[in-house]
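Novice: So that we are looking at the same thing, I have put the structure below in structure tokens.
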Amino acid sequence: MKKDLIGTGGLIRLILRRDRILLLLWMLVTLSIILGGAATIENVYPTVEARQERFDQVMNIPMFMLFQSKAFDISPGALVTQQAFGGTTILAALGSALFLVRHTRKEEQTGRRELIGSTVVGRHAPLAAALTVVLGAGVILAAVSSIGLIGIGFPMAGSLALGLVVGSAVWIAAAMAAVAAQLTENSGVASVSAIVLFYGFHFVRGISDMGGESLDWLGWLVPNGWLERVRPFAGERWWIFGLIAVFVILLLRLAFRLAGRRDLGAGLIPARNGPATAPAGLRNPIGLAWRLQRRMLFFWIGLITIIALPSGFVGPSAMKEYAQSQWLQEYAAAINVANPTDAFFTYLVFVMVFPIAMYAIMATLRMRSDEAEGTAEMILTTSVNRGRWAASHLAFGIGAPVILLVILGFGFGLGNGVQSNDLSGDIARMLRLTTSLVPAVWVIVGITMAAFGLLGRVSNVIGWTALAVGIITEIIVKMKLLPEWLFLVLSPFAHVNPYFRPSAMTFAGLTLLSAVLVILGFYGLKRRDLTN
């Protein structure tokens, strides 16, 4: 076994050298959610009565339990845990899975693993190095979260438990991604599979919470349910971390065993053989882009459909009971929604727009991947010019969010309309809601395209940072740590938020801004050298 791990230390240093900035950004964003909420909880809920009211809101309104977590106590620490649980664990898992696959399956897919393997490097060294870095990042997140919470003034036991919950989310996602990387030859499929599985577990946990005691058993079947049931600041259950450790260790052992049973570059699930001759559509750039991007697009269409239809059917009946609550009526009034039951769908749309924007960024950054891997240079040696090549991929960055948001609105409207007997009216209303976010997503795509065209190598960082800044700013503004005008300055999603009463000029301005950014991207791309 020792010889299989030769060179692990050098590969760890290489990973840290390549991705030290991305690792730091990911950890800072994750920490900002949990520590930002902890720093403001006493100001937001200063009295026992205010905390009790918040507790009642969480336990009586299903969308809080579905997307965040149930509350176990009215103490400030327990409410911080409830608010931060969903966002923190999902973001921690997202970065963990992406980094793990990036330095394992992605290296094999691009051929870099074969080059590294020609040196003195053991068979399992790349997987061991990637796991060491990602699991170590989980340890750092757990430690900094705990120390930060203790420094703010929260009890030590609860702070340690919540910090370990964050770290455990990293470790669970890394273990799942390590197994997924052995099963498929495609890095995108591996990373998305691990992320979607973790996200699915989160919703299973939410369904368990919404079902009360009758469905409590369901939450014990998924690791996200274990994380929630640690109950930081509400009678910690330390033994659950032992269950999590066993789960992670078993998955890691499975990953190493599977890695030893396959050929380099291959997956245990064999790729389907392609046709003997290429279709005529591959003769043009858009046909090639369709070939490269269609699987991911179909996956996202299926995912959004799976979320939209059940939410459309369940949402109205779930919210009907709570439509007259004071909090929900105040929330509906604040976001300019006439019907309080529609507040559920407004909330859900602004949750779902961020994953859709993530997909739009990934589709746009396919250009950067082709450039870095050298395939763009091969394409451009033909009669295809840079503009046509870039436009073929940008079409997915611009068009796919429209398709996904239309499907989201149609699913919401269909489920709602079947129950209200106003099918056409509900579908039209929900489509207006979801498609109103399209210009905001286009601005993020425009920023990514401008960064790719003008700067090239750092376009990944700029594109993802633009989205992260928008998400973090919204969270911090809602915590009342920053003024609302800063949200409008830093996030295009603020301008389409019903709270700020967007007008036709707002949507036109965002669309124009995105067009200008795209034009800048094309201008820069035609005038810079390609890099790999």
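Novice: Restricting attention to the range 421-435, and to residues there that are under 23 Å from the mean Cα position of the chain (by Cα) and surrounded by 19 or more Cβ atoms within 10 Å (Cβ to Cβ), which single residue is farthest from Ile335 (Cα to Cα)?
Specialist: Looking at residues that are under 23 Å from the mean Cα position of the chain (by Cα) and surrounded by 19 or more Cβ atoms within 10 Å (Cβ to Cβ), I get Thr434.
Novice: Step by step: first the residues of the range 144-156, then only those that are surrounded by 15 or more Cβ atoms within 10 Å (Cβ to Cβ) and either in contact with a strand residue (DSSP E or B) (Cβ under 9 Å, 6 or more places away or on another chain) or modelled with pLDDT of 90 or more (or both), then the one that is nearest to Arg13 (Cα to Cα). Which residue is that?
Specialist: Residue satisfying both the conditions and the ranking: Val144.
Novice: So is Ala494 of a type outside the set (Asp, Glu), more than 18 Å from the chain's Cα centre (by Cα), crowded, with 21+ Cβ neighbours inside 10 Å and over 23 Å from Arg366 (Cα atoms) or not?
Specialist: Here the answer is yes, as Ala494 does meet what is asked.
Novice: Conditions: (1) at pLDDT 90 or above; (2) under 26 Å from the mean Cα position of the chain (by Cα). Ala71 meets all but one. Number of the miss?
Specialist: Only one criterion in (1) at pLDDT 90 or above; (2) under 26 Å from the mean Cα position of the chain (by Cα) is unmet by Ala71, namely (1).
Novice: Looking only at helices (runs of 4 or more DSSP H) that fall completely inside the range 429-532, which ones have 2 or more residues that are free of Cβ contacts under 8 Å to residues at least 24 places away in the same chain?
Specialist: Working: elements: 438-454, 459-478, 484-490, 492-495, 504-525.
Hits in the range 429-532: 459-478, 484-490, 504-525.
Novice: I've got another one for you. Would the range 198-210 turn up any residue that is over 28 Å from Leu127 (Cβ atoms), modelled with pLDDT of 85 or more, of a type in the set (D, E, K, R) and not in a helix (DSSP H, G or I)?
Specialist: No, that holds for no residue.
Novice: Could you run through the range 373-398 and say how many residues are loosely packed, with under 12 Cβ neighbours inside 10 Å and not in a helix (DSSP H, G or I)?
Specialist: The total comes to 3.
Novice: Taking the condition of being of a type in the set (S, T, N, Q) and more than 30 Å from Ile286 (Cα to Cα), how many residues in the range 376-430 meet it?
Specialist: Count: 5.
Novice: When residues of the range 252-281 are filtered for being outside any loop (DSSP other than H, G, I, E, B) and surrounded by 13 or more Cβ atoms within 10 Å (Cβ to Cβ), how many remain?
Specialist: Counting residues in the range 252-281 that are outside any loop (DSSP other than H, G, I, E, B) and surrounded by 13 or more Cβ atoms within 10 Å (Cβ to Cβ) gives 6.
Novice: Here's a follow-up. Among the residues of the range 107-135, what is the count of those that are farther than 17 Å from Phe256 by Cα and either crowded, with 22+ Cβ neighbours inside 10 Å or acidic (Asp, Glu) (or both)?
Specialist: Summing the residues that are farther than 17 Å from Phe256 by Cα and either crowded, with 22+ Cβ neighbours inside 10 Å or acidic (Asp, Glu) (or both) in the range 107-135 gives 1.
The values are calculated or read from the model by the stated rules, or taken from the named source; none is laboratory data. Remember, it's a predicted structure, so these values are computed and weren't measured experimentally. Counting neighbours? That spans all protein chains shown, and the Cβs are built from the backbone with ideal geometry, glycine included.
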